[in-house]
1. Sort out which residues of the stretch 84-105 are in contact (Cβ under 8 Å) with a residue 40 or more places away in the chain and either more than 14 Å from ligand 2 (Cβ to nearest atom) or farther than 20 Å from residue 26 by Cα (or both), and write them in order of number.
2. Within the stretch 79-96, can one find any residue that is closer than 19 Å to residue 15 by Cα and surrounded by fewer than 19 Cβ atoms within 10 Å (Cβ to Cβ)?
3. What is the number of the single condition among (1) in contact (Cβ under 8 Å) with a residue 60 or more places away in the chain; (2) within 16 Å of ligand 2 (Cβ to nearest atom); (3) closer than 22 Å to residue 111 by Cβ that residue 77 does not meet?
4. Collect the residues in the stretch 106-139 that are more than 12 Å from ligand 2 (Cβ to nearest atom), touching a strand residue (DSSP E or B) at 6+ places or on another chain (Cβ under 9 Å) and within 23 Å of residue 29 (Cβ to Cβ), keeping them in residue-number order.
5. Among helices (runs of 4 or more DSSP H) lying entirely in the stretch 1-59, which contain 3 or more residues that are touching a residue at least 60 places away in the same chain (Cβ under 8 Å) and surrounded by 14 or more Cβ atoms within 10 Å (Cβ to Cβ)?
6. Checking residue 115 against (1) over 13 Å from the mean Cα position of the chain (by Cα); (2) closer than 13 Å to residue 13 by Cα: exactly one of these is not met. Which one?
7. Across the stretch 110-139, what is the total count of residues that are in a loop (DSSP other than H, G, I, E, B), in contact (Cβ under 8 Å) with a residue 60 or more places away in the chain and more than 11 Å from ligand 1 (Cβ to nearest atom)?
8. For the stretch 69-93, which positions are more than 17 Å from residue 123 (Cα to Cα) and within 14 Å of the chain's Cα centre (by Cα)?
Ligand code: DAT
Ligand code: MG
């Protein structure tokens, strides 16, 4: 059965460009409820840990540098079928391939600087949410 929570980050490119409000509005309009949220900044070490699954990939160093380059918004979101519906809302990893109107089509600069993160499974949504938020910070 599909779970009802996912984890997202508004990445440093979109925060720096002033898109926090527009992205949160689109997320709310798509029917997601915010369960937990904060403006924070990842250290290189924390960014490396978060993206550990990609550590053998050629873009890992660039990804870690980028994700620790400035503030992000981290949030847990709730909706039926949250993981899959949120991946649809954000669009493809490469914004050049993202459906028009998706968050990445609207706000992402490039494959690397692609505005938002969305968990890829219920299991990872739970792990990633717990990475950023204590149970007492989730509502
Ligand atoms: P997604 O964020 O859509 O789940 P992913 O998990 O495959 O994509 O990769 C994590 C992030 O790493 C992605 O959002 C942007 C970056 N990335 C992925 N592939 C890349 C590539 N070929 N070149 C540069 N950055 C890349
Ligand atoms: Mg991914």
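Derivation of every value follows stated rules applied to the coordinates shown; laboratory data play no part. Small disclaimer: the values here were computed from a predicted structure and weren't measured. Virtual Cβ from ideal backbone geometry, glycine too; neighbours counted across all protein chains shown.
1. Correct list: 85, 89, 103.
2. There is at least one residue in the stretch 79-96 that is closer than 19 Å to residue 15 by Cα and surrounded by fewer than 19 Cβ atoms within 10 Å (Cβ to Cβ).
3. The one condition residue 77 does not meet is (3).
4. Matches in the stretch 106-139: 107, 108, 115, 129, 138, 139.
5. Of the helices (runs of 4 or more DSSP H) lying wholly inside the stretch 1-59, those with at least 3 residues that are touching a residue at least 60 places away in the same chain (Cβ under 8 Å) and surrounded by 14 or more Cβ atoms within 10 Å (Cβ to Cβ) span 12-16, 20-29.
6. (1)
7. 3
8. The answer is 71, 72, 73, 74, 88, 89, 90, 91, 92, 93.
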